[in-house]
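A.B. asks: First, the structure itself, so that you have it in front of you.
The values are calculated or read from the model by the stated rules, or taken from the named source; none is laboratory data. The structure displayed is predicted, hence computed values, not measured ones. Here Cβ is always computed from backbone atoms with ideal geometry, including for glycine, and neighbour counts include all displayed protein chains. Areas reflect the complete protein model, heavy atoms only, side chains present, ligands, DNA and RNA absent. Shrake-Rupley method; radii C 1.70, N 1.55, O 1.52, S 1.80 Å.
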Amino acid sequence: MKKGYFGEFGGQFVPETLMGELEALESAYERAKNDPAFQAELEGYLSTFAGRETPLTYCRNLSRDLGCRIYLKREDLLHGGAHKINNTLGQALLARYMGKTRLIAETGAGQHGVATAIAGAALGLPVEVYMGEVDMARQRLNVFRMELLGATVHPVRTGSRTLKDAVSEALRDWIARPAETYYLLGSAVGPHPYPTMVRDFQCVIGRELREQVLKAEGRLPTAAVACVGGGSNAIGTFYPLIDDDVRLVGVEAGGEGLSTGKHGATLCAGTKGVLQGSLSYLLQDRDGQILETHSVSAGLDYPAVGPEHSMLKDIGRAEYVAATDDEALAAFSLLSRREGIIPALESSHAVAYAVKMAKEMDEDDIIVVTLSGRGDKDVTEVAARMGVAI
Amino acid sequence: MSRIDALFSGLERPACIAYLAGGDPDPETSLAAVRAVVDAGADIIEIGVPFTDPIADGPTIRRADNRALAAGTTPDRIFELVRAVRAGTAVPIVLMTAYNIVYVRGVDRFYREAAEAGADGVIIPDMPPEESEDAVAAAGRYGLDQIFLVAPNTPEERLDLVLEHAGGFLYLVSVQGVTGARSGLPHGMEERIAALRSRTDLPIAVGFGISGPEQVRALAAAGADGVIVGSAIVAIVEKHLGDRDAMCAELKEFVAGLCGAVRDGA
C-alpha cells in the first residue's frame, strides 16, 4: 500500500486532506505521460518557447588551464534563466489537463517562482508564489520579475523565512483549497508522485547531454557534476546516465564549512527523517527538530533533499560532496572571466567542485557540469559581498 | 478496554476534548495549564509534542510550538509532563505530533515511552494509513490507541482504509484547511457524521476550527461523540504569557463553558 519509495526513502507523509489529491495527481500524471497529445504539446512549448535543446559548451580556456576536457550543459540559456522551466511547463500543462484553476508554488532563489509565473502566464493560469522574507530581500529582482509576469508573491515570515518555510506555507494553502489548486512543486522533493514526476520532467537535461557528449567526443563523460539543493537538476542529469559507467557527483551547499554547522549539505551531514511529505536525509537535531541552514545561494538553502538522491547515496551510485560559499563565489568569478559565462550561485557550487576534480584527472578525461542557471539574479548579492555599489 | 474506550462507552453525552501545545510557554507553566484544563472537566486531554515545521497547523499552534521549543521542550520533557499529569488524574491523554518526532526517536521507543508515561493514544496528522504499519503495530504492542483523521474530502474508497487502521476515536476534520479557530460551522456536519456512523462503531469526534460554546452545542446536536477544541485554548495561554494565575483561571472558565455546552447540546 505504501508507494513512491526509492529504497527506504520517499513515501507520502501528508495530512489526510491531501491523500486524495495526491492520488488524483498520480493518476492524471500517468495518463498524461502516455498521452501523445500531451507529450507533443509539452515538446512544442519546450522547443519553441523555452529554448530547448540547450547547447553543450566546451570550455576551451578552463580545459586548457585545468588539464582535462570540461563541458557545460547550458540550462542557463533557457527562458527564465534556469532549468526550472522544464518542470513548470510540464506541471502547468498537467494542471490544465486536470482542470485546476490556480497554480501555487514555493520559491527559494526565485527561479522556480519565475518559471511558474512564466508557465502560468503562457497557459492562462493565475499564479501565487510563497517566498521567505529573507529570500525576498536577497532576490528582489526575481520578486519583481514574478510580479511583472502577473504572479502574486506572498512573503513567508515563519521559521527561518527561507525555502523550507515557503514549502510549508504552500502545503498549507493546498490543504485549505485542494479542489481548485494545483501545487506546482519546484524540486524532486515532497510526497509521491512529485519526486518521480519532477525527475521525469528534468530528465530532458541528461538525455540531451548524453547524446551531445557522444556526438562531440564519441564516448560518455568520466563524470557528470551538478549542484544539489532539493536536487532536481542533479537527478535530471544523473538519471539518464544511471546505467552507464559515469561518475555522478552532486555538490551541496557547504556554506561557511561543514564543521561550522552553517551549511545546507543534507546528504553530506544529515540523518534520516521525514519532512514535507517524504522520508529522506535531513539536517535535524537528535530529537528530529529541523535545523536552520545557511548558503550564499538561496536555492540550496534547504534542510532536506530529494529521496532518490538519498537512495543513490546509500547504494553508492552517486557521490555527494560540498562546496563552501567562498569556493562557489570563486567559481562564479572564474567562469565569468575565463569562459564569459556568469553562472547562478547555485550552479557555481558544481563548477567549484568540478574545478577541484579536474586537477586529479587525466587530460582526456571528460567532466560535464550541468549549469542549472544563469547568474544575473545574483549580481546584486555578489556586488554587495565584494563591497561594490551598483 | 483502553481508557479512551471506557470513557466513550460510559458517557451519555459528547466528550469535551481539549488540546494544549505541550511545553507552551515553558514546561512548568504547561503542566499548570494542563492541570487547569483537567480540573475544568475536560474528558480527554490532547498534548501536542512541538515540532519546528508542522504542515497541518495554523499560526496559533505554530507560535505555541515555537515558544515551547524556545523554552527547551523536548520529547523527553513531554513524557515528563504526561507522567506528572497522569499522577493526579485518570483522564485519557492523547499525544499529537509530527511523524518525524516519532521516526527519529524510533517508532517502537516512542510508543513504549508514551505508554510508560501514562498516555492512552497517539495522533500523527502527517501519517496517513498507508505509512502507518510500524506505528499501528507499536501502538498495539503497548496498548495505545492510534487515532486517525478523516478529512472533508476523504474519498469513499479511502475511508475503508482509514477505518481499518483507526482506534480510539475517529478525528473528523470539520473544515478544509489547517488548525485554527473559526466562527460558524460548515454545512452538512449532521449528514457527514451520520454517514460515518453507518460505517464504524468508533466514536466520532469533530475538530479543527471549533472556537467556542456555540459551535460545541451545534456539533453535539449534530450527533458528534466528541468535540475537539485546540487553537482557542492555546490562544488563552498566549494571552496570559506573563501571568500563570490569570492564564489558569481563564482556561478553567473557558473549558468549563465548553463542557457545559457539550451537556446542553446532547
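A.B. asks: Express the carbon and sulfur contribution to the solvent-accessible surface of the range A:120-192 as a percent, rounded to the nearest whole number, probe 1.4 angstrom. Walk me through the intermediate numbers first.
C.D. replies: Details: 1430 of 2530 Å².
Answer for the range A:120-192: carbon and sulfur cover 57 percent of the accessible area.
A.B. asks: OK, next. Spin-label point model (7 Å from Cα, Cβ direction): what's the A:LYS272 to B:LEU11 distance in nm?
C.D. replies: 3.8
A.B. asks: Along the positive direction of the dipole of the range B:3-265 (beta-carbon charges: Lys, Arg +1; Asp, Glu -1; about the Cα centre), which of B:CYS248, B:ALA224, B:ALA71 reaches farthest?
C.D. replies: About the Cα centre, the residue reaching furthest to the positive side is B:CYS248.
A.B. asks: Give the cross-link partners of A:LYS3 among the lysines, using a straight C-alpha distance below 20 Å as the criterion and excluding same-chain residues fewer than 8 apart.
C.D. replies: A:LYS33, A:LYS272
A.B. asks: Which percent of Cα-Cα pairs in the range B:118-165 sits in each 10 Å bin, short to long?
C.D. replies: 25, 56, 17, 2
A.B. asks: Calculate the dipole size of the range B:3-265 relative to its Cα centre from +1 charges on Lys and Arg beta carbons and -1 charges on Asp and Glu beta carbons; express the result in debye to the nearest 20.
C.D. replies: Values: 23 positive and 38 negative charges, 93 e Å.
Value, rounded to 20: 440 debye.
A.B. asks: Then there is this: Give me the summed buried accessible area for the B-A pair, 1.4 Å probe, to the nearest 100 Å².
C.D. replies: Buried area (both sides, nearest 100 Å²): 3100 Å².
A.B. asks: On to the next question. Want the number for A:ASP314 to A:ASP326: 0.36 nm per residue separation, take away the alpha-carbon distance, what's left?
C.D. replies: Once the chain is fully extended between A:ASP314 and A:ASP326, it gains 1.5 nm.
A.B. asks: Among A:MET131, A:MET136, what's the order by accessible area (1.4 angstrom probe), most exposed first?
C.D. replies: On the way: A:MET131 0, A:MET136 40 Å².
So the residues, ranked largest to smallest area, are A:MET136, A:MET131.
A.B. asks: Where the centroid of each part is defined by its Cα atoms, how far is the range A:130-158 from the range A:56-77 in Å?
C.D. replies: After rounding, the separation between the Cα centres reads 33 Å.
A.B. asks: Here's a follow-up. If one computes P(r) from the Cα atoms of the range B:1-117, what percent of pairs lie at distances over 21 Å?
C.D. replies: 37
A.B. asks: So what is Rg over Rh here for the range B:3-265, counting just Cα atoms and using Kirkwood for Rh? Provide the component values of the computation, followed by the final result.
C.D. replies: On the way: Rg = 16.7 Å, Rh = 18.0 Å.
Taking Rg over the Kirkwood Rh, I get 0.93.
A.B. asks: Mind running the shape call on the range A:1-67? Use the C-alpha gyration tensor, a ≥ b ≥ c as the square roots of the eigenvalues: rounded below 1.5 for a/c, prolate if a/b tops b/c, oblate otherwise.
C.D. replies: Oblate, because a/c is 1.5 or more while a/b does not exceed b/c.
A.B. asks: A further question follows. In terms of the Cα gyration tensor, with a ≥ b ≥ c the square roots of its eigenvalues, is the range A:317-367 rounded because a/c is under 1.5, prolate because a/b exceeds b/c, or oblate?
C.D. replies: It comes out oblate by the Cα gyration axes.
A.B. asks: Using a 1.4 angstrom probe on heavy atoms only, work out the carbon and sulfur share of the accessible area of the range B:40-82 in %.
C.D. replies: 50
A.B. asks: Output the residues of the range A:277-326 meeting this criterion: accessible area (heavy atoms, 1.4 Å probe) in the chain alone minus accessible area with all protein chains in place is 10 Å² or greater.
C.D. replies: Listed by number, the residues meeting the 10 Å² cut-off are A:LEU279, A:GLN284, A:ARG286, A:ASP287, A:GLY288, A:GLN289, A:ILE290.
A.B. asks: Let me ask something else. Where a ≥ b ≥ c are the square roots of the eigenvalues of the C-alpha gyration tensor, would you call the range A:260-388 rounded, which needs a/c under 1.5, or, failing that, prolate if a/b is larger than b/c, or oblate? Each step should come with its number before you reach the end.
C.D. replies: Details: a/c = 2.36, a/b = 1.37, b/c = 1.72.
In terms of gyration-tensor shape, oblate.
A.B. asks: A drop of at least 20 square angstrom in accessible area, chain alone versus all protein chains together, probe 1.4 Å. Which residues of the range B:161-182 meet that?
C.D. replies: Output list: B:LEU161, B:GLN176, B:GLY177, B:VAL178.
A.B. asks: Using only the alpha-carbon atoms of the range A:4-117 as identical scatterers, what base-10 log of I(q)/I(0) does the Debye formula give at q = 0.10, 0.16, 0.20 Å⁻¹?
C.D. replies: -0.45, -0.94, -1.18
A.B. asks: List the DSSP H helices in chain A whose Cα atoms stretch 27 Å or more along the helix axis and whose mean Kyte-Doolittle hydropathy is at least -0.5.
C.D. replies: A:194-217
A.B. asks: So if R0 is 25 Å, what FRET efficiency would B:ARG199 and A:GLU30 give, r being the distance between their Cβ atoms, rounded to the nearest 0.05?
C.D. replies: Once rounded, the FRET efficiency stands at 0.30.
A.B. asks: Residues of the range A:158-177 that become at least 40 Å² less accessible with every protein chain present than in their own chain isolated, using 1.4 Å: which are they?
C.D. replies: In the range A:158-177, residues shielded by partner chains: A:ARG172, A:ILE175.
A.B. asks: So what is the diffusion coefficient of the range A:214-263 in µm² per second by Stokes-Einstein at 10 °C and 1.306 mPa s, using a Kirkwood Rh over Cα pairs?
C.D. replies: The calculation lands on 128 µm²/s.
A.B. asks: So what is the relative contact order of the range B:1-129, in percent, for Cα pairs below 8 Å that sit 6 or more residues apart?
C.D. replies: Dividing the mean separation by the residue count of the range B:1-129 yields 29 percent.
A.B. asks: Calculate, in whole percent, how much of the Cα-Cα pair population of the protein assembly as shown lies beyond 31 Å. Kindly include the intermediate steps, with their values, before the conclusion.
C.D. replies: Details: 112452 of 214840 pairs.
Pairs farther apart than 31 Å: 52 percent.
A.B. asks: In cubic angstrom, how much convex hull volume per residue do the alpha carbon atoms of the range A:67-148 span?
C.D. replies: Convex hull volume per residue, Cα atoms: 108 Å³.
A.B. asks: Under a 1.4 Å probe, what is the accessible area of the protein assembly as shown per residue, stated in Å²?
C.D. replies: Per residue, the protein assembly as shown has 34 Å² of solvent-accessible surface.
A.B. asks: I'd like to know which of B:MET127, A:VAL369, B:ALA115 lies farthest towards the positive end of the charge dipole of the protein assembly as shown, counting +1 on Cβ of Lys and Arg and -1 on Cβ of Asp and Glu.
C.D. replies: Sorting the options by dipole projection puts first A:VAL369.
A.B. asks: Here's something else I'd like to know. Rounded to whole Hz and in sequence order, give me ³J(HN,Hα) for the range A:125-130 from the Karplus expression 6.51 cos²θ - 1.76 cosθ + 1.60, θ = phi - 60°, writing x for Gly and Pro.
C.D. replies: Once rounded to whole Hz, the list reads 10, x, 10, 10, 10, 9.
A.B. asks: Using the Karplus equation 6.51 cos²θ - 1.76 cosθ + 1.60 (θ = phi - 60°), what ³J(HN,Hα) coupling, rounded to whole Hz, does each residue of the range B:165-173 give in order, writing x for Gly and Pro?
C.D. replies: 9, 6, x, x, 8, 8, 9, 8, 6
A.B. asks: Turning to a different aspect of this structure: Computing the accessible area with a 1.4 Å probe over protein heavy atoms, can you report the carbon and sulfur percentage for the range B:147-228?
C.D. replies: 50
A.B. asks: Find the percent of Cα-Cα distances in chain A that exceed 39 Å, and round it to a whole number.
C.D. replies: For chain A, the fraction of Cα-Cα distances above 39 Å is 9 percent.
A.B. asks: Compute the FRET efficiency between A:ARG247 and A:GLN39 as 1/(1 + (r/R0)^6), taking r as their Cβ-Cβ distance and R0 = 45 Å, and round to the nearest 0.05.
C.D. replies: E between A:ARG247 and A:GLN39, to the nearest 0.05, is 0.90.
A.B. asks: Could you tell me the relative contact order of chain B? Use alpha-carbon pairs under 8 Å, at least six residues apart, and round to a whole percent. Don't skip to the answer; put the middle values down first.
C.D. replies: Details: 532 pairs, mean separation 63.4, N = 266.
Over chain B, the number comes to 24 percent.
A.B. asks: Return the FRET efficiency for the residue pair A:MET386, A:ARG140: r is the Cβ-Cβ distance, R0 is 30 Å, and the value is rounded to the nearest 0.05. Present the calculation step by step, with values, prior to reporting the outcome.
C.D. replies: Values: r = 18 Å, r/R0 = 0.59.
Given R0 = 30 Å and the Cβ-Cβ separation, E is 0.95.
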